[in-house]
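J.: Starting off with a structure, shown below.
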Amino acid sequence: MRQSGTSRKIIFVFIGLAIFAYGILLFRFFTIQVISRGKYSEIRKNKSRIKVTLKGDRGLILDRNLSVLANNIYRYSLGADLSKIKNREKLATLFARATNKSPRFYLRKLRPKRGFVYLVRDVQKQEMVNWDLPDKKEEPGFQTIRENRRIYPYSQSAAAVIGFTNVDNRGMNGIEGKYNSILQGEDGWQYFQMDGFNRLSPGLNLPEKLSTKGENLILSLNMNYQMIAEEELARGVIENKARGGTIVMLNPKTGEVLAMASYPGFNPNKYRDYKVWRYKNRTITDVFEPGSTFKIVTAAAALESKKFRLSDVIFCENGVYKMAGVLLRDHKSYGKLTFKKVIEYSSNIGVAKIARKVGKKRVFNMARAFGFGNPTGIDLPGEVGGRLKNATFWSRSDATRIPIGYGVSITTLQLANAYAAVANGGYLLRPYVMKMILSPNDELVKEIKPDTIRKVLSRKTAHRMTEIFKGVVKIGTGKRAALTNVEVAGKTGTAQKYDQKEKGYSHKRYVASFVGYVPADNPQLVCAVVIDEPQKYHYGGEVAAPIFHKIMQRIVDSVDEEPEPPAAQFGTQLNSGLVSVPDVRFVSYSKAKAILVEAGLKIAAYTHGNFVVQQVPVPDHLVKSGSIISVRLEKQMALQESDDAKFPDVRGLSIRQAVKTLAEYGYEVRVEGSGFVIRQSILNSKKKICKIVCKPRVNTG
């Protein structure tokens, strides 16, 4: 009986505990469902919400004539939320088949249990058409991310100046890197709701922040000049079997960089296909001993000191002379020469004697005044200042060698900028590339003004220097730089390269240069041409001067005067008497000639062929009536849209719509211009590469 009573007590205890526990559960349920309903409802909603970042578009980069140099296009990246992956082996296998990589490669990426990992980056939509990829129901951790990518319509042209963006769309090198904070848009965000099948849909009545586009940049570059400079530089390097070359073209009155070229270059659309050294803007990163182009310093110091007049006579020792232990030679045997002719004929002996009388301190101070030994301050990354020893530390041989351009190292930009100081009457300006900043709505945010660093020369000395440089081209070493109907002032340079192995100057490796400005008496353009290790000939007058001639002759023939700058787009009236250049690309030469003649223009072909594939100036550029349009011809014309039934007609569409449509058909698209498509063509039918030509619509109402 006692045992039975004890059992009942135990049962009552258990029943009591059960009732107590049930009461606690009821109270907790009441608390969650009634008292704290709002709190737990919000927790549930938050767990089913995903905050998605909305990337802001990068701003455009344009040249001074508003040609688009950097635009945007959508690409795709594929990744995985590692905490939600169901079958890692299967996902790795699918990606291995799609990309021809080992499953182990992807298994290593998928090994962690948490976090997010990219599996494939930066692919076009058409590349994924035949990929067997999982859907959200099958693999909830799999994610497709649409990303904004840069596209560069001019491919290699001005690539070292513009730079490029990396896989994260961050600016690298050039303008893209220097002004990344201005170009990149501000990211926004939006909440998406996830249902029971892990499907995402935009959340209603949820907070969001819209992304904003970055600001647009207008550069000082003139792409007409840039393309001419690049074409002639490439031709000159190849013809002379040189190692490479650089060109800088400036407006001497403002310091604006109009063209800046390095050869060989790279295509920023495919920058990963090139070695890193090709990314460099070698006009500002690479230095060289200039040789005779540096004689601008000695001549200016002599004239400013009033120790010499143009008519003073110097005995040049018949071509061979030893001074301060340095054996000097001239390329020809000269006896007595006037000061003016010493520079015109580029006598090393004559210049060394001038420098000795002027004094090393004055020569050094003039070199510093011209900007040698310090960076110019251009708004591009990577600029070096070169090397110029202080006169206090010059040896006797330095005092002989530096005035003739040895024992000093400079960049191509420094060389062009020094001659610009003579061309503009004696002022050293800070060269610049970024001309204007525009808001995403094309409102003017900032305009860069010319910046004078210092006065280098008196106007009188600058005029005398110009007279000397005109003589260099007329009767001296720079004859092959002369132009038809336009007077040129300039100077040649030839320098032996120092051989580290031989511990002396090489007799096989040279740097040939020419720098000049046109028109000589009212300079509008300064252009420096530097060719590294030419093999065919090595004198600046034989190698660099002809390249200068070809560039400037094409520019002078095609454009008689520079059209109104981009500020005209903001309310200023254009000059009267200017003609808009018609588009004559992809038509026969005879038809192109007829179109241009009808527009009041002339045509000049600089290659042989039947069809026009390129023209300078570009279409819609404003030139004076009667100007010459240079065209490049080829024997066969690129296949047009009518030749391929599977090539969709995208004329009239916006760039974004056209690229999207063509991408769906599997085409790699190259874009020229901005706005809406006016012409399309197939460049390579086998590789499915096509080109679209666009221009903005003009509101005539």
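The values are calculated or read from the model by the stated rules, or taken from the named source; none is laboratory data. Just so it is clear, the structure is predicted and the values come from calculations on it, not from any experiment. Here the Cβ positions follow ideal geometry from the backbone for every residue, glycine too, while neighbour counts run over all protein chains shown.
J.: Test of understanding: among GLY382, GLY377, GLY407, which residue is closer than 20 Å to ALA299 by Cα, touching a residue at least 24 places away in the same chain (Cβ under 8 Å) and in a loop (DSSP other than H, G, I, E, B)?
T.: The unique qualifying residue is GLY407.
J.: Looking at (1) in contact with an Asp or Glu (Cβ under 8 Å, 6 or more places away or on another chain); (2) more than 19 Å from ASP63 (Cβ to Cβ); (3) charged (D, E, K, R), find the lone condition where LYS455 falls short.
T.: Unmet for LYS455, out of (1) in contact with an Asp or Glu (Cβ under 8 Å, 6 or more places away or on another chain); (2) more than 19 Å from ASP63 (Cβ to Cβ); (3) charged (D, E, K, R): (1).
J.: Only residues that are polar (S, T, N, Q) and either exposed (fewer than 14 other Cβ atoms within 10 Å of the Cβ) or not in a loop (DSSP other than H, G, I, E, B) (or both): list them for region 107-162, please.
T.: GLN126, ASN130, GLN143, THR144, ASN148
Here is a yes/no grid of residues against (1) surrounded by 18 or more Cβ atoms within 10 Å (Cβ to Cβ); (2) on the phi > 0 side of the Ramachandran plot; (3) touching a helix residue (DSSP H, G or I) at 6+ places or on another chain (Cβ under 7 Å); (4) of a type outside the set (Lys, Arg):
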residue: TYR427; (1), (2), (3), (4): yes, no, yes, yes
residue: MET436; (1), (2), (3), (4): yes, no, yes, yes
residue: LEU444; (1), (2), (3), (4): no, no, yes, yes
residue: ARG480; (1), (2), (3), (4): yes, no, yes, no
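J.: Now for a separate question. Looking at region 449-472, can you tell me whether even one residue there is assigned by TED's automatic domain parsing to the domain that holds GLY541, touching a residue at least 40 places away in the same chain (Cβ under 8 Å) and over 25 Å from ALA369 (Cα atoms)?
T.: Checked against the condition, which is being assigned by TED's automatic domain parsing to the domain that holds GLY541, touching a residue at least 40 places away in the same chain (Cβ under 8 Å) and over 25 Å from ALA369 (Cα atoms), region 449-472 yields no hits at all.
J.: Continuing with the same structure: Could you tell me which numbered condition ARG282 fails, if it satisfies all but one of (1) basic (Lys, Arg); (2) over 23 Å from GLU230 (Cα atoms); (3) crowded, with 19+ Cβ neighbours inside 10 Å?
T.: Answer for ARG282: the failing condition is (2).
J.: Moving on to the next point. State all residues of region 340-363 that are under 23 Å from GLY476 (Cα atoms) and touching a residue at least 40 places away in the same chain (Cβ under 8 Å); if no residue qualifies, say none.
T.: Matches in region 340-363: LYS340, LYS341, ILE343, GLU344, TYR345, SER346, ASN348, VAL351, ALA352, ILE354, ALA355.
J.: Let me ask another. Pairs only if they're at least six apart or on different chains, beta carbon under 7 angstrom, first in region 234-257 and in contact (Cβ under 8 Å) with a residue 12 or more places away in the chain and farther than 30 Å from ASP451 by Cα, second of a type in the set (Val, Ile, Thr) and surrounded by fewer than 24 Cβ atoms within 10 Å (Cβ to Cβ); list them, first residue then second.
T.: Pairs that qualify, where the first residue is in contact (Cβ under 8 Å) with a residue 12 or more places away in the chain and farther than 30 Å from ASP451 by Cα and the partner is of a type in the set (Val, Ile, Thr) and surrounded by fewer than 24 Cβ atoms within 10 Å (Cβ to Cβ), are GLY244/VAL237.
J.: Something else: Please find, among VAL384, VAL363, the residue that is within 21 Å of ILE349 (Cβ to Cβ) and in contact with a Pro (Cβ under 8 Å, 6 or more places away or on another chain).
T.: After ruling out the rest, the residue left standing is VAL363.
J.: Name the residue that is farthest from ASP122 (Cα to Cα), counting only residues in region 66-94 that are assigned to a loop (DSSP other than H, G, I, E, B) and not charged (D, E, K, R).
T.: Taking the candidates together, the pick is LEU66.
J.: Against the definition (at pLDDT below 80, more than 30 Å from LYS435 (Cβ to Cβ) and not assigned by TED's automatic domain parsing to the domain that holds LEU250), how does ILE32 come out, yes or no?
T.: Against the criterion (at pLDDT below 80, more than 30 Å from LYS435 (Cβ to Cβ) and not assigned by TED's automatic domain parsing to the domain that holds LEU250), ILE32 qualifies.
J.: If you go through region 303-338 one residue at a time, how many are under 16 Å from GLY471 (Cβ atoms) and in contact (Cβ under 8 Å) with a residue 40 or more places away in the chain?
T.: Of the residues in that region, 4 qualify.
J.: Another one. As an exercise: evaluate ARG356 against (1) in contact with a Lys or Arg (Cβ under 9 Å, 6 or more places away or on another chain); (2) more than 15 Å from ILE296 (Cβ to Cβ); (3) surrounded by fewer than 22 Cβ atoms within 10 Å (Cβ to Cβ) and give the number of the one condition it does not meet.
T.: Of (1) in contact with a Lys or Arg (Cβ under 9 Å, 6 or more places away or on another chain); (2) more than 15 Å from ILE296 (Cβ to Cβ); (3) surrounded by fewer than 22 Cβ atoms within 10 Å (Cβ to Cβ), only one is false for ARG356: (1).
J.: Identify the single condition in (1) touching a Pro at 6+ places or on another chain (Cβ under 7 Å); (2) modelled with pLDDT under 95; (3) of a type in the set (Phe, Trp, Tyr) that PHE570 does not satisfy, given that it satisfies every other one.
T.: (1)
For (1) on the phi > 0 side of the Ramachandran plot; (2) at pLDDT 95 or above; (3) in contact with a Lys or Arg (Cβ under 7 Å, 6 or more places away or on another chain); (4) in the same structural domain as GLN414 (by TED's automatic domain parsing), each residue gets a yes or a no:
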{"site": "VAL515", "(1), (2), (3), (4)": "no, yes, yes, yes"}
{"site": "ASP521", "(1), (2), (3), (4)": "no, no, no, yes"}
{"site": "VAL530", "(1), (2), (3), (4)": "no, yes, no, yes"}
{"site": "ILE547", "(1), (2), (3), (4)": "no, yes, no, yes"}
{"site": "ASN610", "(1), (2), (3), (4)": "no, no, yes, no"}
{"site": "GLN614", "(1), (2), (3), (4)": "no, no, yes, no"}
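J.: Another one. Being free of Cβ contacts under 8 Å to residues at least 40 places away in the same chain and part of a loop (DSSP other than H, G, I, E, B) is the filter here; which residues of region 168-188 pass it?
T.: Passing the criteria: ASP168, ARG170.
J.: Let me ask something additional. Here are some conditions: (1) part of a strand (DSSP E or B); (2) exposed (fewer than 14 other Cβ atoms within 10 Å of the Cβ); (3) over 32 Å from the mean Cα position of the chain (by Cα). ARG454 meets all but one. Which one does it not meet?
T.: Tallying (1) part of a strand (DSSP E or B); (2) exposed (fewer than 14 other Cβ atoms within 10 Å of the Cβ); (3) over 32 Å from the mean Cα position of the chain (by Cα), ARG454 fails exactly one: (3).
Listed here are the residues, each with its yes/no results for (1) surrounded by 21 or more Cβ atoms within 10 Å (Cβ to Cβ); (2) of a type outside the set (Ser, Thr, Tyr); (3) under 24 Å from the mean Cα position of the chain (by Cα).
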site	(1), (2), (3)
PHE370	yes, yes, no
GLY377	no, yes, yes
SER395	no, no, no
VAL408	yes, yes, no
